[in-house]
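The values are calculated or read from the model by the stated rules, or taken from the named source; none is laboratory data. These numbers come from a predicted model, not from an experiment. Note: ideal-geometry Cβ built from the backbone for every residue, glycine included; neighbour counts use all protein chains shown. Areas reflect the complete protein model, heavy atoms only, side chains present, ligands, DNA and RNA absent. Shrake-Rupley method; radii C 1.70, N 1.55, O 1.52, S 1.80 Å.
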Amino acid sequence: MPVVYVTVPPRATPKMLAIEFARFLGLPVVRQETQTSITNAVCDLLIKMRVELALVDEIHNLNLATQAGAEASDQLKYLSERIPATFVLAGIDVAASGLFSGVRGQQIAGRYTVTETEPFAYGTTGQRQNWRNLVASLEDALRLHRHKPGSLVKLDGYLHERTDGAIGSLSQLVRGAALEAIINGSEAITRKTLETIEVDQTAEDARQEHRRNRRPRRRRPDVDAA
């Protein structure tokens with residue numbers, strides 16, 4: 001298994017973080033089991049499975065100002081030292097959340113580089129192609145019996161307008177449309193189906209803002225005269 005993915009739960013403790021890894025791996029965990037035994041089992045299995053990439057999401061849930069959060073940070077540091085894999089931490093506005101504050105924060109800052117991410121842009125030819133590639137990868141994962149391959153890629157501009165280029169919003173939109181296609185028996189995603197699916201409020205607000213800023217098209221003089 002080259003990649004593992006876990007999320008940091010709210011008010012995470014070291015044991016909770018170890019359990020998240022165990023849950024992803026399918027390791028059974030009993031209530032009486034200690035943090036040390038769970039951690040050792042997780043590390044041993046990840047090493048045997050030759051994991052190369054560990055993705056830790058929702059890292060902003062680590063509150064270093066609390067004892068539990070500080071100890072969870074130590075646990076994450078311990079896992080990254082025991083497991084020979086690249087650790088990628090993802091979160092929202094991690095610097096403002098205090099993740100790099102204090103002694104433990106300095107340890108995190110000294111071990112990772114910060115990469116700021118933004119939604120997919122849609123201005124240049126290259127940017128549009130990157131967006132189409134993302135749409136195509138989601139479309140390839142569909143298992144709808146009557147869906148015509150490539151039909152979602154042809155709606156790339158519309159999909160970008162609906163989601164403002166955010167991967168999460170796009171995934172939510174396509175997944176919702178796929179479920180609707182299964183329920184109504186069409187087994188295919190169309191623009192009409194997509195219009196019935198609501199996405200997150202951030203994407204909806206961005207769509208409305210784009211519509212307000214869109215300038216009306218000028219009519220040609222000859223058309224006006226006619």
Review point. How high is the relative contact order of the range 109-190, in percent, with contacts defined as C-alpha pairs under 8 Å that are six or more residues apart?
Key: 32 percent
Review point. Tell me, what % of the accessible area of the range 108-189 is carbon and sulfur with a 1.4 angstrom probe?
Key: 54 percent
Point to revise | Farthest positive-ward along the range 106-153 dipole, Cα basis, beta-carbon charges - from L134, Q107, G123 | key: L134
Point to revise | Convex hull per residue volume in Å³, alpha carbons only, for the range 1-86 | key: 82 Å³
Exercise for review: Just give me a number: lysine pairs in the chain, eight or more positions apart or cross-chain, with C-alpha atoms less than 28 Å apart.
Suggested key: 5
Point to revise | If the convex hull is drawn through the Cα atoms of the chain, its volume per residue in Å³ | key: 193 Å³
Exercise for review: May I ask you to order 22-35, 72-85, 183-196 by the average number of other C-beta atoms within 10 Å around their residues, highest value first?
Suggested key: 72-85, 183-196, 22-35
Review point. Pulled fully out, how much extra length does the chain show between E195 and I167, if you take 0.36 nm times their separation in residues and subtract their Cα-Cα distance?
Key: 8.3 nm
Practice item. For the range 55-178, would you read off the P(r) tail past 17 Å as a percentage of all alpha carbon pairs? Key: 65 percent
Exercise for review: Specify, per residue and in Å³, the volume enclosed by the convex hull of the alpha carbon atoms belonging to the range 167-207.
Suggested key: 63 Å³
Study note, to complete from the structure: Mean Cβ-within-10 Å packing, highest first, puts peptides 140-149, 91-100 in the order 91-100, 140-149
Review point. About its Cα centre, how strong a charge dipole does the chain have in debye, to the nearest 20, once Lys and Arg get +1 and Asp and Glu get -1 at the Cβ?
Key: 660 debye
Practice item. Compute the signed sum of charges (Lys and Arg +1, Asp and Glu -1) over the other residues within less than 14 Å, Cβ to Cβ, of E180. Key: +1
**Study point:** Solvent exposure of the chain as accessible area per residue, Å², 1.4 Å probe
**Key:** 63 Å²
Check your understanding: For the range 4-73, which whole-number percentage of the solvent-accessible area (1.4 Å probe, protein heavy atoms only) is attributable to carbon and sulfur atoms?
Key -> 54 percent
